[in-house]
Amino acid sequence: MCGNNMSVPLLAEAVTVSGVEKETAAVTAFSLFSVRHGWADTLSGIQLPHVKFICPHAPSIPVTLNMKSMMPAWFDLVGLSPDSPEDESGIKKAAESIKAIIEHEAKNGIPPNRIILGGFSQGGALSLYTALTCQHQLAGVVALSCWLPLHKSFPLASSGNKNLPILQCHGEMDVMIPVQFGAMTSEKLKCLVNPHNITFKTYPGLPHSSCPQEMAAVKEFIEKHLPRI
């Protein structure tokens, strides 16, 4: 490795699941209140030999929704409805941290068009916002059980990546982030990127969680958009 991970703060503590072949692509994945190792374990089950998984750890911040208690989170959460006030500065700061990882990987041989951003809940939200505002065309986004942050700032905030492939998945019994929010997000995304590039899958009986069928869909998406070179 010819880069210095210490120059990118999120990479210093990230869990990386290396490919077993020459790495020609990367998936950077985030969880809500990121628990790095659990997410890394889940992803290792769907890994491709030429793909590296990078699982950064969210910093500890006071979260309003959790009575201002300190906990790992990518940005503050005031509420979980489409009209809740949002932590604009925190969202933008987190997105810049993710863009720094993209730049780092590019300098070390994996170009942005071979990088997928993905995540669950707040992590998926951050992935969507980062990819849509990134100056680079990425390989795609996996957005699980989430929403589009700062949705009212789009399409002005969008960098114009109309061909960005997006896989959205949502449990139909999600009470934390109801599936209707996912559907509203999907409709908004169709105004920002080519509607044919958006796949929205829902899973009956699934709460705010993942399932094997969802992970199979994620693997299929990664295989399609990060093929072996």
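FYI, it's all coordinate maths here, none of it is from the lab. If you're wondering where the values come from, they're calculated on a predicted model, not measured in any experiment. Ideal geometry is used to build each Cβ from the backbone, glycine not excepted, and the neighbour counts take in all protein chains shown.
Counting only residues at least eight positions apart within a chain, or on another chain, the lysines with an alpha carbon under 30 Å from that of Lys190 are Lys52, Lys92, Lys93, Lys99, Lys152, Lys162, Lys201, Lys219, Lys224. Can you give the local net charge around Ala143? Use residues other than it whose beta-carbon is closer than 13 angstrom to its beta-carbon, Lys and Arg +1, Asp and Glu -1. Here the charged neighbours net out to +1.
Looking at the chain alone, DSSP beta bridges between its own residues are antiparallel in about 25 percent of cases.
In plain terms, the chain from Leu80 to Met173 could stretch by 31.9 nm, reckoned as 0.36 nm per residue minus the Cα-Cα distance.
Gln213 sits among other residues whose Cβ lies under 14 Å from its own Cβ, and their net charge, with Lys and Arg +1 and Asp and Glu -1, is -1.
Report note on the peptides 57-69, 123-135, 215-227: ranked by the mean count of other C-beta atoms within 10 Å, highest first, their order is 123-135, 215-227, 57-69. Using C-alpha pairs under 8 Å with a sequence gap of at least 6, the mean separation divided by the residue count of the chain gives a relative contact order of 17 percent.
A straight chain from Leu156 to Ser60 at 0.36 nm per residue would run longer than the Cα-Cα distance by 31.5 nm.
In plain terms, the chain from Ser18 to Ala183 could stretch by 56.0 nm, reckoned as 0.36 nm per residue minus the Cα-Cα distance.
Counting only aspartates and glutamates at least 8 places from Lys22 when in the same chain, those with an alpha carbon closer than 17 Å to its own are Glu105, Glu223. Charge tally for Ile229 (other residues, Cβ to Cβ under 10 Å; Lys, Arg +1; Asp, Glu -1): +3.
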